[in-house]
């Protein structure tokens, strides 16, 4: 080698192999992340046309505390699975509507959905939002 060829060599590191390794790791992590993703299958209720009685519907309300109500009947959290199992044992339609109070934590709703699935429910519907009063204001309260 002569003196002119030594002066042309560069002291910068070659980053191309490092970028290749980073891209391969990115692809590996992206494909691994797709396999980890969990979903909950739900069916949204259809709009009611005509006369809707709702007599055969089961609505599970989740209130803060956690307090559960099945068709307006209060059920303790320890008895939720047993009550749902009794209800769905003889029912041909295994559909339930879940209605969550605005102050309820997400994990309480998921726990109620898990209890419903364990009781034999095949389809979970999210109850449409209604205009229920959240707090009852006493007559003597000042606004």
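The values are calculated or read from the model by the stated rules, or taken from the named source; none is laboratory data. Computed from a predicted model, the values in this text were never measured in an experiment. Cβ atoms come from the backbone with ideal geometry, glycine included; neighbour counts cover every protein chain shown.
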Exercise for the section: Enumerate the pairs (first residue in region 75-92 and outside any helix (DSSP H, G or I); second residue anywhere and modelled with pLDDT of 90 or more) with beta-carbon separation below 6 Å, excluding pairs fewer than 6 apart on the same chain, so at least 6 apart or on different chains. Expected result: 75/68; 75/83
Handout entry: Tally of residues being at pLDDT below 90 and loosely packed, with under 15 Cβ neighbours inside 10 Å across region 80-103
Key = 7
